[in-house]
Amino acid sequence: MKTATIYNILLVITTTVLALGAEAAEITVLQQDKSFVKDGEQIEVLTVKAGDTINFQNDDPFFHNVFCLSDLETFDLGSYPKGESKPVKFDKPGVVEVECAIHPQMYMEVTVE
Amino acid sequence: MIEKLEFRAAKTLAVASSLFLVALLSPSFVAAKDMGPTAEDVEKYRRPMEIPQPKNNRMTPERIELGKVLFFDPRLSGSNFISCATCHNPALGWSDGQPTAVGHGMEVLGRSTPTILNTAYQRFQFWDGRARTLEKQALGPIEAEGEMFQALDDLIDELKAIPGYEDMFEHAYPGEGVSKKTIAKAISSFERSVVATESPFDRWLKGVKGAMNDSAIRGFQVFKGKANCVACHDGFNFSDNGFHNIGLPDNKDQGRFSIKPIKVLKGAFKTPTLRDVALTAPYMHNGQFNTLMEVVEHYNRGGDKNMGNLDPNMKKLGLSKKEKKDLVEFLHALIGDPQEVTVPTLPVKK
């Protein structure tokens with residue numbers, strides 16, 4: 001009985017860890033021609049799962065910034081040059097607005113499920 | 001004798017070839033005489049054919065005309081002495097020739113008067129970009145205590161008392177009446193109509209030989225290359241619609257940071273257009289430079305420290321005297337053909 005319980009607990013933990021591991025994705029969003037670009041397409045909305053990480057990678061020959069002042073999240077990645085990438089992990093479900101402070105036409109909404 | 005002549009000829013040839021080689025290797029040769037624009041230049045810098053305009057305020061001749069009359073009417077100020085055109089003077093590149101603006105009661109303000117040229121293409125208005133549209137911008141200076149200092153409700157009454165205005169509003173915005181909204185929409189329509197005319201640079205882009213002189217052509221190469229002006233002054237309007245701290249250490253104006261409190265925005269101001277820039281001295285948001293050469297010198301030294309937040313695109317450039325001169329020459333080639341602006345006759349009370 002005891003062994004079975006421990007076995008069951010272990011099974012649940014393992015399944016949970018595996019499930020989480022499979023779900024937490026790494027997504028790359030480029031900053032390109034003063035737009036947010038994913039898989040070669042300009043995006044203004046993006047849906048991710050709680051726990052996912054977005055890597056914001058500057059692909060323009062000048063500095064970019066990424067910041068978020070939403071109720072749900074606040075971060076400011078500073079400014080960084082072409083080739084550099086900075087990760088942000090989105091944990092809380094909801095909608096957050098992500099912008100470049102230097103070029104404010106760069107704007108996108110991230111929906112965290 | 002013949003041998004001597006041959007020797008001389010050979011010597012001359014050798015000198016000529018080495019001179020040619022030196023010329024070929026020197027950077028100034030890169031932009032030599034007949035070098036025209038690249039396909040990428042044409043794509044990037046060609047002026048658009050259309051003026052962007054919002055769906056709820058399409059430009060019509062009636063709206064532009066009403067906006068123009070309002071723009072030139074000093075009765076839009078509390079003192080009845082200052083019109084929009086007092087500071088945005090078409091004779092001075094739609095600016096005022098002052099280091100910083102002079103407002104109500106001759107008060108000297110903190111920022112320079114920006115041109116209204118090509119504001120239709122700007123994504124943000126004001127030096128700090130606090131208005132996204134011209135409609136949201138237009139009433140700001142009328143109301144501002146330091147600028148025109150006019151209460152808008154009183155203005156509406158004043159305009160309604162002038163029959164000519166009632167008619168013009170009715171023609172421009174049928175059934176909408178004289179209101180804050182229609183005043184802002186009309187002024188915006190006029191401002192949108194003020195677009196840059198064709199400049200020597202535009203003709204050069206079209207392939208017209210001799211449209212820009214050699215110095216300006218070399219200057220354009222410096223602009224795109226060594227000086228990297230295009231990091232911010234990019235595209236046909238020579239603006240990235242962005243905000244940068246370019247190291248003007250004179251004042252405590254935090255610029256865009258007061259609108260969006262993000263560190264990179266401390267002391268950052270909007271990148272202005274460079275079209276007709278040679279007509280709008282003094283320069284920078286605080287008017288601290290009198291000539292374009294002073295501006296170029298500022299960038300050449302990589303700007304000065306400001307709030308510890310200098311834009312990382314700002315670097316020492318190491319431009320030669322000739323390159324700096326060429327750059328200024330190029331900026332002058334962005335002056336559009338003279339545009340005749342007629343001053344409207346203002347409607348009067350009966």
>> Go through (1) away from chain A (no Cβ under 14 Å); (2) touching a residue at least 40 places away in the same chain (Cβ under 8 Å); (3) crowded, with 18+ Cβ neighbours inside 10 Å; (4) out of contact with any strand residue (DSSP E or B) (no Cβ under 6 Å at 6 or more places or on another chain) for residue B:314 and report which single condition fails.
In response: (1)
> Hey, any hits in the range B:308-319 for a residue that's within 30 Å of residue A:64 (Cβ to Cβ), in a helix (DSSP H, G or I) and not aromatic (Phe, Trp, Tyr)?
Replying inline: no
>> If the requirement is being among the acidic types (Asp, Glu), over 24 Å from residue B:335 (Cα atoms) and assigned to a loop (DSSP other than H, G, I, E, B), which of these qualifies: B:170, B:166, B:147?
In response: B:147
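Condition check ((1) modelled with pLDDT under 95; (2) crowded, with 20+ Cβ neighbours inside 10 Å) across all residues:
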position: B:263; (1), (2): yes, no
position: B:266; (1), (2): yes, no
position: B:269; (1), (2): no, yes
position: B:280; (1), (2): no, yes
position: B:318; (1), (2): no, no
position: B:330; (1), (2): no, yes
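Table: residues versus (1) β-branched (Val, Ile, Thr); (2) more than 26 Å from residue B:236 (Cα to Cα); (3) touching a Lys or Arg at 6+ places or on another chain (Cβ under 8 Å); (4) not assigned by TED's automatic domain parsing to the domain that holds residue B:285.
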site	(1), (2), (3), (4)
B:49	no, no, no, yes
B:126	no, no, yes, yes
B:145	no, yes, no, yes
B:158	no, yes, yes, yes
> Looking at B:286, B:309, which one is within 14 Å of another protein chain (Cβ to nearest Cβ), buried (at least 18 other Cβ atoms within 10 Å of the Cβ) and of a type in the set (S, T, N, Q)?
Replying inline: B:309
> Within the range B:200-232, can you find the residues that are surrounded by 20 or more Cβ atoms within 10 Å (Cβ to Cβ), touching a Leu at 6+ places or on another chain (Cβ under 7 Å) and in a loop (DSSP other than H, G, I, E, B)?
Replying inline: B:227
> Are any residues in the range B:233-283 more than 20 Å from the chain's Cα centre (by Cα) and in a helix (DSSP H, G or I), and if so, which ones?
Replying inline: B:257, B:258, B:263, B:264, B:265
> Can you find a residue in the range B:73-91 that is under 23 Å from the mean Cα position of the chain (by Cα), among the small types (Gly, Ala, Ser) and closer than 19 Å to residue B:136 by Cβ?
Replying inline: no
> Which condition number in (1) in contact (Cβ under 8 Å) with a residue 60 or more places away in the chain; (2) within 24 Å of the chain's Cα centre (by Cα) is the one that residue B:342 fails?
Replying inline: (1)
> Looking at B:97, B:103, B:164, which is the one that is closer than 30 Å to residue B:290 by Cα, touching a residue at least 12 places away in the same chain (Cβ under 8 Å) and either in contact with a Phe, Trp or Tyr (Cβ under 7 Å, 6 or more places away or on another chain) or surrounded by fewer than 20 Cβ atoms within 10 Å (Cβ to Cβ) (or both)?
Replying inline: B:97
> Restricting the range B:233-256 to residues that are surrounded by fewer than 24 Cβ atoms within 10 Å (Cβ to Cβ) and among the aromatic types (Phe, Trp, Tyr), which is farthest from residue B:128 (Cα to Cα)?
Replying inline: B:236
> Being over 20 Å from residue B:327 (Cα atoms), surrounded by 17 or more Cβ atoms within 10 Å (Cβ to Cβ) and of a type in the set (Phe, Trp, Tyr), is that true of even one residue in the range B:171-185?
Replying inline: yes
>> Restricting to the range A:101-113, count the residues that are within 13 Å of chain B (Cβ to nearest Cβ) and touching a residue at least 60 places away in the same chain (Cβ under 8 Å).
In response: 4
> Where in the range A:32-100 are there strands (runs of 3 or more DSSP E), lying wholly inside it, with at least 3 residues that are within 14 Å of chain B (Cβ to nearest Cβ) and surrounded by 13 or more Cβ atoms within 10 Å (Cβ to Cβ)?
Replying inline: A:64-69, A:74-80, A:94-99
> If you scan the range B:226-278, which residues turn out to be more than 12 Å from chain A (Cβ to nearest Cβ) and without any contact (Cβ under 8 Å) to a residue 40 or more places away in the chain?
Replying inline: B:250, B:252
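The values are calculated or read from the model by the stated rules, or taken from the named source; none is laboratory data. Quick caveat: nothing in here was measured; it's all calculated off a predicted structure. All Cβ positions, glycine included, derive from the backbone under ideal geometry; neighbour counts span all protein chains shown.
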